[in-house]
Every structure is written in C-alpha cells, then in structure tokens.
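Engineer: Sharing a structure, written as structure tokens. Questions coming.
Here, each number is a calculation from the coordinates, and none is a lab measurement. Small disclaimer: the values here were computed from a predicted structure and weren't measured. In this analysis, Cβ positions are derived from the backbone assuming ideal geometry, glycine residues included, and neighbour counts consider all displayed protein chains.
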Amino acid sequence: MAHTGDCFLVPGPVRMNDACLQAMATPVMTARGPEFRQVMAKLNSGLRYAFNLSPSLPEMKSQSWTGEDGYCVVVVSGSGTAAMEMVIANRFRNNDLVLVPTNGKFGERVADICRQFCNVKQLKYDWGRSFDLYELEQQLERGCYEALLICHNETSSGITQDAEAIAEMCERHNVAFILDGITSVGGMPVHPEQWKAEAVVMGAQKCTAGPSGIAAIALNQHCIERIKAIHQQGDANPRYYLDLISALKKGDDDQTPWTPAINLAMGWSAALDHLREETNEARWDRCERMAKGVRDLFTDLGFVLLADDGQRSNSVTAILYPEGVDDAWRTALKDRYETQVIGAQDHLKGKMFRIGSMGETPVEEMIEGCKRMLNCFADFGVDLKDVDVESYFG
C-alpha cells in the first residue's frame, strides 16, 4: 500500500507511534509511589530486550533492571550524551588513559567528553573512513590503555564500526570496551555480552522510536566493580547528578536517585512494547532493507556515498550532492514535497544530505520519500535515468 502524507526520513529524533504519544499524555503521578515503580519495571524489562540482554520480568520488586548475564540497565533523565558522560565520569580517574578512534562528529564528541575526565589518545580518521584495525592493534599492544571507546554507528558520516573485531582485540589485550550505541541499539545487531562490552549507551529517540531527552546504559559487573572501587579509593571524578553509584543504589527499588523524566519514561516504555512485538531481528532486517535500497538506488543513479563500502550504516545513509546542488534542495524537498531528510555537519555542511532508516519507518514511506527526492533533484536540473524505485526495496 502506497504511503501518503509527509515523509519524515531523518536519523532521529524519529516519528513516535500513537501508543507512545498517548502514554506521554498520562496525568502526572508521584515519582516515588508504586505506580511509577511499575512504570520503571516495565521500562527496564523493555530496555533489556532492546539491548539484546537476557530477559527480566516487567514487574516491580522483581529486579527488572538485571538478569542472568549480570548486566544492569540504568535509565538516565537526559539525552544520550548525558548517559555517555555518566559512564565516562564514573568509570575513569583523571590519570587513566583511554583510546578513542573517530571517523565522524559523534565519535569526536566521545573523545571530547573523555578529555573532561581522563587522558585521551584520539586516532582521528577522515569522516566516513574505516578504522585501521592494525593501527588499533598496535596501540593496544603498548599495554597502557584502560579502555577503548567507540561511537558504534556514526550518523554524521553514515558508517558503522566493526565492533566485533574491536571487541575481540580489547579482550585479548585486557582493555575495557565501551560503546556509544545511541544510534545502533534497536536498529542493528548489538551484542553486549558476546562483545564483553563494559558499558553500552542508547538514546530513546533513535532506533527505538521513543521520545527525546531520555537515555539508558547497560553495564556489566566488571564495570560496576571498577566504578565502586574508584569511588571507595577517593580519586573519582567530580559528579553529582550523574553519579552512577546513586543510580545503582536505587535500581533494586525500581527508582532513580533524582526526579525522573516521568512522562518520557512512560512514552519510551510504550515504544519498547512495539519493538518487542516487531522483534529485534525483524527491525534490524527492515532497517537493513531500507538502507540497502537507498544505497543501491542512489549509487545506480551516479550519486557518491560518503562512507566506505562494506561498513555503511543501516540506520542512516550519507550521500554527497551532485555538482551544482546544495542545501537549497533540502528546503525545496520539505516545502514542495513534504519530505524531510537532514543535512551534513561541520566541514561537510551544504555538501551532503543524510537519509534516516531507523525506528518504525515503514518501507512504503521510504519508497515514496525516495521518489519525491528524485523528483526534487529533477527540479534542480539533475539529469537522472528512469528507474523503478520499488524494485530496489524488494
């Protein structure tokens, strides 16, 4: 069935479903009563599913936040950046040295956050270029790093890192592995336990199609033990609102240390219900199908994709503009065709656009959006061959 109405194809915040929106319209409740503890228990259980962890019961007083794999989930009333800062501020001391390879804006943000709390060796690759795994191996062989941190899926440049290979390297060299999974968890395979990741972060408004301003962390027992040891030794970084020890103390009681984002938590829980109904695997497959269709369509038409072949993201595709076209095309696409994609950041502004294929976006909406994009490029004088857009998404 063909899609009608606007096409919203940005890589987050994504469109929320009616159940999520209705949940956020629930009348106010106290943060400390049984009603909200039940909300938290249900949210924790949904988060464990999204993080691809062992299951827990969605019932309060059942330790909904933890499971057989030993990972705990912690809800953060803030964006994914707040959750990453929470992990970094608590897990490291100011004299620890960490390794952060980057190939886009959000990996660079991870490095910037680390600089506030510890020492950083940043391996800076061009945006969209794959990490040099041999160089990472050489660095880890030095034996001086406490951890390696990556932005798993880099939406600024449309590339997904080879987390499995990096995880194996970290395990061999006894180095902690930490993932910013803000735009990968819920949209592509992420395996915290298999990768022995100490911590993984996700943001609600991306692949899980929840509201902006709330995030979550999955932590394993080694990470928790290190955080507790650092705090007990008295050389922890300054923190208050983002104190993970305070959050861990409240976990068993289905609570947060400070006033939580009550309505956002209810909305996210409803969105995670929808994810569980669809299943992780079906969502990963749908996002991959849409991203592959976009990649094949635009490359066949002569467009150039920014990211290295073989590591292109399934939640966002970064496409360079043809010569003579800039962001005026995006404005026209929105105004004339009721279709939204997003532009580039920093040094690539005006040179590239990005199509999101995450959350609950149906394939029909992606097909219709691509048709409108091609029509808009024709309006701008770009000569494109006739193609059957639907055939790319079969």
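Engineer: Counting Lys +1, Arg +1, Asp -1, Glu -1, what net charge surrounds Val200 among other residues with beta carbon under 14 Å of its beta carbon?
Structural biologist: Net of charged neighbours comes to -1.
Engineer: Mind ordering 81-89, 308-316, 277-285 by average Cβ neighbours within 10 Å, highest first?
Structural biologist: Per-residue mean Cβ counts within 10 Å order the peptides as 81-89, 308-316, 277-285.
Engineer: I need the trypsin sites (Lys or Arg not before Pro) found in the stretch 330-366, filtered to DSSP loop residues with at most 13 other beta carbons within 10 Å of theirs.
Structural biologist: Within the stretch 330-366, the qualifying trypsin sites (Lys or Arg not before Pro) (loop, at most 13 other Cβ atoms within 10 Å) are Lys349.
Engineer: Let me have the relative contact order for the stretch 1-96, percent, based on Cα pairs under 8 Å that are six or more residues apart.
Structural biologist: Relative contact order of the stretch 1-96: 15 percent.
Engineer: On to the next question. Show me the three semi-axes of the equivalent ellipsoid for the stretch 18-277, from the C-alpha gyration tensor (sqrt of 5 times each eigenvalue), largest first, rounded to whole Å.
Structural biologist: Semi-axes, largest first: 30, 20, 16 Å.
Engineer: I've got another one for you. What fraction of the DSSP beta bridges in the chain is antiparallel, stated in percent and rounded to the nearest 5?
Structural biologist: Given both bridge residues lie in the chain, the antiparallel proportion sits at roughly 55 percent.
Engineer: Would you mind telling me which residue in Gly186, Gly302, Gly107 has the biggest mean-square fluctuation in a Gaussian network model of the chain, where springs connect alpha carbons within a distance under 10 angstrom?
Structural biologist: In the Gaussian network model the winner is Gly302.
Engineer: Counting other Cβ atoms within 10 Å of each Cβ, which trypsin sites (Lys or Arg not before Pro) in the stretch 181-230 have at most 16 and sit in a DSSP loop?
Structural biologist: Sparse-neighbourhood loop trypsin sites (Lys or Arg not before Pro): Lys196.
Engineer: Of the GluC sites (Glu not before Pro) in the stretch 1-78, which ones lie in a loop per DSSP and count no more than 16 other C-beta atoms within 10 Å?
Structural biologist: Glu59, Glu68
Engineer: May I ask for the angle, rounded to the nearest 10°, between helix 328-337 and the longest principal axis of the chain, with both axes built from Cα atoms and the value confined to 0 to 90°?
Structural biologist: In the chain, helix 328-337 runs at an angle near 80 degrees to the longest axis.
Engineer: Using only the alpha-carbon atoms, how far is helix 163-172 inclined from the longest principal axis of the chain? Give it as 0 to 90 degrees, nearest 10.
Structural biologist: 30 degrees
Engineer: Another question, if that's okay. Counting other beta carbons within 10 Å of each residue's own, what order do Cys151, Cys170 fall into, fewest first?
Structural biologist: Cys170, Cys151
Engineer: Can you give the relative contact order of the chain as a percent, counting alpha carbon pairs under 8 Å and 6+ residues apart?
Structural biologist: Relative contact order for the chain comes out at 25 percent.
Engineer: Before rounding to the nearest 500, sum -39500 (n - 2.57) across all DSSP H runs of length at least 4 in the chain and divide by the residue total; then give [θ] at 222 nm in deg cm²/dmol.
Structural biologist: It comes out at -12500 deg cm²/dmol, rounded to the nearest 500.
Engineer: Now, a different point. Of Phe92, Leu21, Thr155, which is farthest on the positive side of the dipole of the chain, counting Cα position, with +1 on Lys and Arg Cβ, -1 on Asp and Glu Cβ, and the Cα centre as origin?
Structural biologist: Comparing the listed Cα positions along the dipole, Phe92 ranks first.
Engineer: Taking the 0 to 90 degree range and rounding to the nearest ten, how far is the long axis of helix 262-278 tilted relative to the main principal axis of the chain, both from C-alpha atoms?
Structural biologist: Result, in degrees: 60.
Engineer: Just report the Cα centroid separation between the stretch 309-369 and the stretch 1-27, whole Å.
Structural biologist: 18 Å
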